[in-house]
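None of the figures in this text is laboratory data; all of them are computed from the coordinates on show. Note that the coordinates shown come from a computational prediction; the quantities given were computed from them, not determined experimentally. FYI the Cβ positions are ideal-geometry reconstructions off the backbone, even for glycines, and counts take in every protein chain you see.
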Amino acid sequence: MTTLRASLLVWLFAAGACHAQTINKCTVDGKVTYTEQPCQGGAASVIAVPDAPPPNPAASAELQRMQHQANALQRERHQREAQDERAQQQAARAAQQRNKQCAQLRLQKKWADDEVRGALAQSAGRAKIKAQRAADKLALACPA
């Protein structure tokens, strides 16, 4: 609706700059044509085109108000888009940090399991406890 109104206002301003012209209506062999040039042969009649109405000062003010409003809406949209972009980047960084932490905990769990497998019989109990604690940390931070 606003673009239609703006287009109408622009057209009215452009029409205000036009001057009145004379249009000739020519009828030749039953065919009617309209031209700015005088008719050559056949019936002719002159149609006077009235001057365009003067420009409306209220329309100019309305156009400026609408342009200001459109600019404000565009600024708001850019701000929302920038805010959304920052939020997406922050979420991506948080996910990346969590993935890194989970990878570190998985590695610690793997090392602890390796210790259990390679431990001697007398130290197997300590290695099992260490492996269980690493598994507990992993499950707490990175639920499967």
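Points to keep in mind about this one:
- Taking other residues whose beta carbon is less than 11 angstrom from the beta carbon of Asp113, and scoring Lys, Arg as +1 and Asp, Glu as -1, yields +4.
- Val28 long-range amide H proximity, modeled H, under 5 Å: Thr33
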